[in-house]
Structures are given as C-alpha cells and as structure tokens.
1. Quick one: in segment 88-139, of everything that is part of a helix (DSSP H, G or I) and over 24 Å from the mean Cα position of the chain (by Cα), which residue is surrounded by the most Cβ atoms within 10 Å (Cβ to Cβ)?
2. Since Ser24 meets every condition but one in (1) modelled with pLDDT under 80; (2) surrounded by 14 or more Cβ atoms within 10 Å (Cβ to Cβ); (3) within 19 Å of Glu138 (Cβ to Cβ), which condition does it not meet?
3. Take the residues of segment 58-92 that are of a type in the set (S, T, N, Q) and modelled with pLDDT of 90 or more: which is farthest from Ala118 (Cα to Cα)?
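The values are calculated or read from the model by the stated rules, or taken from the named source; none is laboratory data. Computed from a prediction, not measured in an experiment: that's the story for all the values here. Because the Cβ atoms are built from the backbone with ideal geometry, glycine has one as well, and the counts that use them run over all protein chains shown.
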Amino acid sequence: MRGYGRQISRSTGSGRTARTLTISCGQSPSLPWRINSKPMPTKPKAFKPFRHATRQHGAMDAGSTQRRKVYSSHRWTTYARKFKSRFPFCLDPFDEHQHRLEDVDQPHHLVKLRETTAHAYDEAMIIPVCRSCHERIENLTTTLNRVEQWKNDRTFRRTYWQAR
C-alpha cells in the first residue's frame, strides 16, 4: 500500500515491534489511523475425518484396493476413452432426460468391482450413463444392499423390533 499511508514503529529492546501506527494521507477517509492493527479473525477450519475412518469397517478392504488398481491402470483409461467414443450418450435408465442427449460421464459397472474384477473390461457388464444417472444408480444399489443386509441380519431385526 504505497502512497496510502506511512507506518511508524517503535521497537523494544528485544526486537519486537511494540506499536504500529498507520497514518492515512487522505486516501482512505473511513479509517484515518489504526493502532496495533491485527488481521480480522477467521472461522476455524471444520473437522473432516479421513476418508477411510468414515467407512463402516475402518481400514480399506481388499475389494477397494482391487478397484483402485483397475481405475488407475492405463488399460482402464484407454478402455473408458474408447467406450465413451463408441457410446457417447447416456442410456437414460430412469427416463429423466426427456429426449435430451446427455454426454456420458463415466461407464458404470453392473457388477461392482469390489465384488469381482473379472468383468472390469467386459462390455456386456458396462453401461454408459451420465453423472446424475450414475449417482442415482449408486444410491439405489446402496439402499438395496442395506435392505438385503437388514433382511439377512436376524440379531439386528430382533433388536430393532424390541426397541419399538
């Protein structure tokens, strides 16, 4: 801020600045001077736990490491690029686009790679979907998996009905 004011500072014997006085030359009429000006306080950072700590089982399982290996491989990037060029538009499984053509964001595996990586490059097991359809499919499969888990878990059902 050259030209807007002049700083005068006195220092103590220890080398620290005791007081800073900023005198304005008329450029900023709202703040003619400030004594011991400090920056405004900022909002503290929100606590965000690590991604693996929020998982149900703690550390990453073997299926997620296999999935990560597939998605980070050169073979998958070239396959996904060729798949998108062959099928450039969303399949629209929920009929939500209303005759609009949406671009494919990412190919979706019908069988999750956490379960098996045998069908990772099988074209019959992959469908082209846009981002919104992919999120809806993932949410739906997660919900269905939880319902199946709830049906199969007798102790959970027993405690659930006893609590009511």
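1. Taking segment 88-139 first, the residues part of a helix (DSSP H, G or I) are 123-125, 131-139.
Keeping just the survivors that are over 24 Å from the mean Cα position of the chain (by Cα) gives 123-125.
Working: Glu123: 12, Ala124: 7, Met125: 15.
Taking the candidates together, the pick is Met125.
2. (3)
3. Start the filter on segment 58-92 by keeping residues that are of a type in the set (S, T, N, Q), which leaves 64-66, 72-73, 77-78, 85.
Those still in the list that are modelled with pLDDT of 90 or more too: 72-73, 77-78, 85.
On the way: Ser72: 16, Ser73: 15, Thr77: 17, Thr78: 18, Ser85: 23 Å.
Checking each candidate, the answer is Ser85.
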